[in-house]
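K.L.:
Dumping the structure here so I can ask a few things about it.
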Amino acid sequence: SSDDDGSSADADTAAETDTPAEPAEEEPADQLRVALVLPGSANDKGFNQLAFEALPILESTFGAETAFSEMTPVNEFVQAFEDYANAGYDIVIGQGFEFGEIAAEVAPEFPDTIFLVTNHPDTSGPNLQGLQPSSQHAAFLAGVAAGMATETKKVGGIAGFAYPVIVAQMEAFAAGAKSVNPDIEATIIYLGTFDDVEAGKESARAMISTDIDVIYHIADAAGLGVIQAAREEGVYAVGWGGDQTEVAPETVLTSQIVDQTLLVVEAVRAVYDGTFDGQMRFFSLASPVLGLAPIRGIDNAAEIEARVAEVEAGILDGSIEVPFITEPTS
């Protein structure tokens with residue numbers, strides 16, 4: 001039946017198009033259809049929202065038709081993937097490490113659908129690809145900024161879950177802070193939730209009560225609670241994903257940029273232009289996907305920026321090695 005659909009779609013397209021941009025035979029037979037499965041809210045000001053914001057870009061850049069599911073419970077991941085594949089979507093994207101095993105399980109059943117998993121360092125197959133930013137490098141930079149900003153020599157990290165890719169960033173953050181001053185203490189906790197704003201807030205408050213004065217989060221919506229507590233208690237927060245300054249301009253020292261929007265767009269581009277190969281894709285600090293937002297709200301911002309730039313150059317030329325530790329050390 002897909003052949004019938006394709007030919008009638010072609011006829012419609014031909015009738016409506018005066019001047020095709022490229023020769024007709026190079027045009028994809030059908031409109032590209034892309035579905036995104038989000039574990040959290042599409043407006044969490046972070047991880048999920050950044051992927052969601054790729055959808056209008058896919059529509060305008062590739063003429064794609066898009067669909068999405070948000071707040072998808074873990075026990076419905078398989079169903080969501082299968083439903084989109086059965087509905088004929090060309091690409092199904094799982095936003096987050098936790099979709100890796102699900103994609104590997106479902107992909108063989110749907111050879112005509114390409115499954116992409118963001119933030120997964122070990123997923124590949126004929127119609128399966130993991131997209132992994134080397135986020136630990138940007139996390140190390142966030143740690144350098146925190147290490148230069150702390151007055152109490154105590155920094156904290158609050159994460160949603162102890163997934164290996166998240167642990168690697170938390171540990172790199174701690175290492176970055178200690179690279180500024182080995183006497184800095186780093187306390188890291190894992191909430192067991194990305195969605196509970198109150199849990200993020202309470203954990204941050206508990207940290208602040210022990211004199212921690214810079215707190216980094218990788219906690220999606222719960223991370224907003226971390227930033228709120230930091231604002232209320234007058235300490236610094238380090239955001240994650242996009243530049244989270246707007247959440248609390250006086251509080252957010254900087255943010256670790258992991259541009260999920262660009263990550264998704266680039267992955268879909270490879271499918272669109274026929275260069276998709278099912279091999280893992282890594283995005284380094286040299287890529288616009290990763291980086292650190294401007295340092296704000298602190299007197300020595302320029303000094304911190306200069307140090308961060310120096311360390312970034314060292315990571316890129318290999319003279320500074322960032323540890324990749326996937327099990328919590330404390």
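K.L.:
I'm trying to understand the selection: among the residues of the stretch 247-275, which are within 25 Å of L224 (Cα to Cα), aliphatic (A, V, I, L, M) and open to solvent by 10 Å² or more (accessible area, probe 1.4 Å)?
P.N.:
Within the stretch 247-275, the subset within 25 Å of L224 (Cα to Cα) is 247-264.
After this cut, where a residue has to be aliphatic (A, V, I, L, M) as well, the list is 247-248, 252-253, 257-258, 262-264.
V247, I257, L262 - these are the residues of the stretch 247-275 that are within 25 Å of L224 (Cα to Cα), aliphatic (A, V, I, L, M) and open to solvent by 10 Å² or more (accessible area, probe 1.4 Å).
K.L.:
Please indicate, with yes or no, whether at least one residue in the stretch 116-123 is among the β-branched types (V, I, T) and within 19 Å of L50 (Cα to Cα). Give the derivation first.
P.N.:
Within the stretch 116-123, the subset among the β-branched types (V, I, T) is 117-118, 123.
Okay, now just the ones that are also within 19 Å of L50 (Cα to Cα), so 117-118.
Looking through the stretch 116-123, at least one residue is among the β-branched types (V, I, T) and within 19 Å of L50 (Cα to Cα).
K.L.:
Look at the stretch 152-192 and say how many of its residues are in a strand (DSSP E or B) and open to solvent by less than 10 Å² (accessible area, probe 1.4 Å). Don't jump to the end; show me each part of the working.
P.N.:
First, pick out the residues of the stretch 152-192 that are in a strand (DSSP E or B): 154-159, 185-190.
Add one more test, that the residue is open to solvent by less than 10 Å² (accessible area, probe 1.4 Å), and what stays is 155-159.
Going through the stretch 152-192 one residue at a time, the tally reaches 5.
K.L.:
Looking only at the stretch 220-239, count how many residues are touching a residue at least 40 places away in the same chain (Cβ under 8 Å), open to solvent by 10 Å² or more (accessible area, probe 1.4 Å) and not in a helix (DSSP H, G or I).
P.N.:
Qualifying residue count for the region: 1.
K.L.:
Would a scan of the stretch 198-214 turn up a residue that is modelled with pLDDT under 95 and either open to solvent by 10 Å² or more (accessible area, probe 1.4 Å) or part of a helix (DSSP H, G or I) (or both)?
P.N.:
Looking only at the stretch 198-214, we keep the residues that are modelled with pLDDT under 95, and these are none.
Within the stretch 198-214 (the criterion being modelled with pLDDT under 95 and either open to solvent by 10 Å² or more (accessible area, probe 1.4 Å) or part of a helix (DSSP H, G or I) (or both)), the answer is no, since none of the residues qualifies.
K.L.:
For the structure I just gave you, tell me whether D259 is of a type in the set (D, E, K, R) and under 30 Å from D112 (Cβ atoms). Working first, answer last.
P.N.:
On the way: of a type in the set (D, E, K, R): yes; under 30 Å from D112 (Cβ atoms): yes.
Considered against the rule, which asks whether it is of a type in the set (D, E, K, R) and under 30 Å from D112 (Cβ atoms), D259 comes out as yes.
K.L.:
Sticking with this one: If you go through the stretch 129-156, how many residues are of a type in the set (A, V, I, L, M) and farther than 21 Å from F47 by Cβ?
P.N.:
Going through the stretch 129-156, the residues of a type in the set (A, V, I, L, M) turn out to be 131, 138-139, 141-142, 144-146, 148-149, 155.
Filter again for farther than 21 Å from F47 by Cβ, leaving 144, 148-149, 155.
So the count comes out to 4.
K.L.:
Among the residues of the stretch 276-291, write down those that are open to solvent by less than 40 Å² (accessible area, probe 1.4 Å) and closer than 19 Å to T254 by Cα.
P.N.:
L285, S287, V289, L290, G291
K.L.:
Going residue by residue through the stretch 269-284, is there one that turns out to be free of Cβ contacts under 8 Å to residues at least 24 places away in the same chain, out of contact with any Pro (no Cβ under 7 Å at 6 or more places or on another chain) and small (G, A, S)?
P.N.:
For the stretch 269-284, residues free of Cβ contacts under 8 Å to residues at least 24 places away in the same chain, out of contact with any Pro (no Cβ under 7 Å at 6 or more places or on another chain) and small (G, A, S): present.
K.L.:
Go through the stretch 299-325 and count every residue that is part of a loop (DSSP other than H, G, I, E, B) and surrounded by fewer than 15 Cβ atoms within 10 Å (Cβ to Cβ).
P.N.:
At the first step, the residues of the stretch 299-325 found to be part of a loop (DSSP other than H, G, I, E, B) are 299-300, 318-325.
Still in the running and surrounded by fewer than 15 Cβ atoms within 10 Å (Cβ to Cβ): 299-300, 318-319, 321, 323.
Adding up the residues that qualify gives 6.
K.L.:
Looking at the stretch 199-226 only, could you name the residues that are of a type outside the set (D, E, K, R) and within 26 Å of Q132 (Cβ to Cβ)? Give the steps one after another, and end with the answer.
P.N.:
To start, the set of residues in the stretch 199-226 that are of a type outside the set (D, E, K, R) comprises 199-200, 203-204, 206-210, 212, 214-219, 221-226.
Across the stretch 199-226, the qualifying residues are G200, I215, Y216, H217, I218, A219, A221, A222, G223, L224, V226.
K.L.:
Then there's this: Looking only at helices (runs of 4 or more DSSP H) that lie completely in the stretch 1-63, which have at least 1 residues being at pLDDT below 50, open to solvent by 80 Å² or more (accessible area, probe 1.4 Å) and on the phi < 0 side of the Ramachandran plot? Steps first, please.
P.N.:
On the way: elements: 2-16, 47-52, 54-62.
Ranges flagged: 2-16.
K.L.:
Separate question: State which residue is surrounded by the most Cβ atoms within 10 Å (Cβ to Cβ) when the search covers only the stretch 71-121 and only residues that are closer than 22 Å to P133 by Cβ and acidic (D, E).
P.N.:
Out of the qualifying residues, it is E98.
The values are calculated or read from the model by the stated rules, or taken from the named source; none is laboratory data. Every value quoted in this text rests on a predicted model; they were computed, and no experiment measured them. All Cβ positions, glycine included, derive from the backbone under ideal geometry; neighbour counts span all protein chains shown. The protein model used for the area step is the full one, side chains on, heavy atoms only, and it has no ligands, DNA or RNA in it. Shrake-Rupley method; radii C 1.70, N 1.55, O 1.52, S 1.80 Å.
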